[in-house]
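See structure below.
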Amino acid sequence: MSTFDVKSIREQLANALSREFDYTRKVSIYGAGSASAFAGPCFQETGEITYFVDETRGGGGLFYGKPVITLSEAQEKCKSHLILVSCVVQRSRRIMLEKLKESQIEDMQFGTLDEYIFCKNADKVLSVFDMLEDDFSKVTYANVVLVRMGKAQMNTELVRKGETYFALPPFRQNVFMDVFVDCGAYVGDTLEKFINNGEGGFNKIFAFEPDYDLFRTLQVRTERLRKEWNLSEDRLVLVNAGVGEENCELSFHKDTTTGLNGTFQNLDGNESENNLQIFSLDSYFSEQSVSFIKADIEGYEYPMLLGAEKVIRRDKPRIALSIYHNAVDMFRLALKIKEIDSHYKFAVRQHQYTPQDTVLYAYDERNSVLY
């Protein structure tokens, strides 16, 4: 892992981040699919959005409370706009950019949403690059950012398949007496891997999953695991709720058009399906220490951190976070943990050959070492 030319890679990243956008223009987003559904924090960076342009929806309706129009309508309505393509699939993104080139929208500036966010926050992106603990992390992080910007292909030699959330020794070893908090437990795949890694030698698992359909599947899986490992009922606690900044109830929506399992963001302005309980980890674990927090919660990792500051300062847990849901999370999650406790160290691993399953590993230098 020490053979990388990290200086050259940093220069390449810095050069890519140097593009200047006209931040004074009105902004419209090309793409109202799954990528945009996760991109709420990015839209806070763009300022007020005028339109979402999406041909597959045929125009009409609302997305994030803004009108959805077709590309042909955009020729008249989006003159002199900054139009940002929101799409994570590289081939589709290239096609969308090509369509914008051919659209003849008057005095338009365009690019991708991820490129815009990374360039606008170039100092923060480079700060995270610099704070990563090992060269492999730096190269991986730079490659993923460049891929998301459309400036590189995924380096498959950097991908660590099958190790998601447990790629580093402190995250898969010495789990005896661990209290593992699984935020976004899905159907229990991660907690089963945790149990297997430690051969059942843990203290407790708390698994949060807000989607009731997934929660029922989680219940079935954990019942099997209890029998296989002879686990008492109180060692594996399932919570049909989400996690966030504070205790509250939020509207939960299942959106079949975007392929999302569920989101707390009302994208189309329709009535909510149901309200679900949200817990802050600080309140839920006010009297229970934790040692390992994993979170893959559809872009709600940042609110989870805001609601876990006391727990992080008190217990110094190992933290494994998905940072791929939107471009902002690629830098703000690490910076937030560093702000909470400056003793934390960081690593990044990529676990898919596409720009998904990018995981930030954070660990307190006083509790664990990287290798």
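Worth a mention:
- Antiparallel beta bridges, as assigned by DSSP with both residues in the chain, represent about 35 percent of the total such bridges.
- Global geometry of the range 161-214, whether rounded, prolate or oblate, following the gyration tensor of its Cα atoms and the 1.5 cut on a/c: oblate
- Cα-centred dipole magnitude for the chain, charges only on beta-carbon of K, R (+1) and D, E (-1), debye, nearest 20: 740
- With 10 Å bins beginning at zero, the pair-distance distribution over Cα atoms of the range 116-224 amounts to 12, 31, 27, 25, 5 %.
- Size of the range 62-183 as Cα extents on the principal axes (Å, biggest first): 63, 30, 26
- Charge dipole magnitude, Cβ of K and R +1, D and E -1 - the range 1-123, Cα centre, debye nearest 20: 200
- Dividing the summed -39500 (n - 2.57) terms of all DSSP H runs of n ≥ 4 by the residue count of the chain sets its mean residue ellipticity at 222 nm at -10000 deg cm²/dmol.
- Taking label positions 7 Å along the Cα-Cβ direction at both Thr217 and Asn196, the computed distance is 1.7 nm, reported to one decimal.
- Extension gain, His343-Gln356: 0.36 nm per intervening residue step, less the Cα-Cα distance, totals 1.9 nm.
- Computed E for Leu306/Asn274 - FRET, C-beta separation, R0 22 angstrom, nearest 0.05: 0.35
- Simple spin-label estimate for Lys101 and Asp234 in nanometres, 7 Å along Cα-Cβ: 6.5
- In plain terms, the bigger the Kirkwood radius, the slower the diffusion; for the range 180-259, with that radius from Cα pairs, at 37 °C and 0.692 mPa s, Stokes-Einstein puts D at 244 µm²/s.
- Spacing of the two label points (7 Å from each Cα toward its C-beta) at Ser289 and Gln90, in nm: 4.6
- Highest-first packing order for the peptide set 12-18, 108-114 is 108-114, 12-18, based on the mean count of other beta carbon atoms within 10 Å.
- The chain - percent of accessible surface contributed by carbon and sulfur, probe 1.4 Å: 45
- Whether the range 46-91 is rounded, prolate or oblate, judged on the alpha carbon gyration tensor where a/c under 1.5 counts as rounded: rounded
- Dipole of the chain, positive end: most advanced residue of Phe180, Asn143, Thr50 [Cβ charges, Cα centre]: Asn143
- Point-charge dipole on Cβ atoms (K/R +1, D/E -1) for the range 1-46, about Cα centre, debye to 20: 80
- The chain: most fluctuating residue of Gly200, Gly150, Gly162 per GNM, C-alpha cutoff 10 Å: Gly162
- Hydrodynamic estimate: the Kirkwood radius of the chain over Cα pairs, inserted into Stokes-Einstein at 25 °C and 0.890 mPa s, corresponds to D of 114 µm²/s.
- Each DSSP beta bridge with both residues in the range 1-114 is either parallel or antiparallel, and the antiparallel ones are about 15%.
- Across Asp189, Asp282, Asp329, mean-square fluctuation computed from a Gaussian network of the chain (C-alpha pairs under 10 Å connected) peaks at Asp189.
- Taking every protein chain into account, the accessible area of the range 115-165 amounts to 34 square angstrom per residue (probe 1.4 Å).
The values are calculated or read from the model by the stated rules, or taken from the named source; none is laboratory data. Just so it is clear, the model here is predicted, and its values are computed rather than measured. Glycine gets a Cβ as well: all are built from the backbone with ideal geometry, and neighbour counts include every protein chain shown. Only protein heavy atoms, including side chains, enter the accessible area calculation; ligands, DNA and RNA are left aside. Shrake-Rupley method; radii C 1.70, N 1.55, O 1.52, S 1.80 Å.
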